Amino acid sequence: MRRTFRPGMLRGAAIVAVFLAAAGALRSADDVPFVARLDKTEQRYVVVRPKGFDAALANTAVVALHGHGSDRWQFVTQDRGECKGTRDVAAAHGFLLVCLDYRAKTSWMGPAAEADVLQILDELRAKYGVRRVVVAGGSMGGTAALAFAALLPDQVAGCASLNGSANVVEYEGSFARRMSST
């Protein structure tokens, strides 16, 4: 008797394989809840520690901002070039990788997101010995990374905008007006 795979069985096997692969890749990732000082809501970020990480040392963190429609897991799980590249660079140099939601899947670097990032940076300095921060992001996150670095240059040692583009002139958070007042 010849056995054949049904399309549904093949799809199911593929889904299980992807789930198992993602679960293995996430072993070193911690999903960290925190209560936002701004409005007392629960927010979250993901921390991926490199091999041999020591919080007693002066460490560097790469803070990765997701693109439109994604979330804090984008840079941890996706194999897109900017995501995998960011993970690889962080791991190769012993940097902490920190990925956050910054309020929504379609968020920009508005005042609430900015307050959350500043709070997270305080936590990273206290818990993980972070002394230098590189903010990075892909697509919408790339634009948010540029906005954060431009508005708060004393908070970052570097910025990487990975295919970031947006119309900041029409940006709802009045980025252009905020920049002209700094």
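No value in this document is a laboratory result; all are computed from the given coordinates. On a predicted model such as this, the values are computed, not experimentally measured, just so you know. Don't worry about glycine lacking a Cβ; one is built from the backbone with ideal geometry, like all the others, and counts go over all protein chains shown.
Only one of the numbered conditions (1) in contact with a helix residue (DSSP H, G or I) (Cβ under 7 Å, 6 or more places away or on another chain); (2) in a loop (DSSP other than H, G, I, E, B); (3) not polar (S, T, N, Q) is violated by Val133, and that is (2).
Only residues that are part of a loop (DSSP other than H, G, I, E, B) and either without any contact (Cβ under 8 Å) to a residue 40 or more places away in the chain or not basic (Lys, Arg) (or both) were counted across the stretch 84-118, and they come to 11. Residues in the stretch 29-61 that are assigned to a loop (DSSP other than H, G, I, E, B) and either closer than 12 Å to Val98 by Cα or among the aliphatic types (A, V, I, L, M) (or both): Ala36, Leu38, Arg49, Pro50, Ala55, Ala56, Leu57, Ala58.
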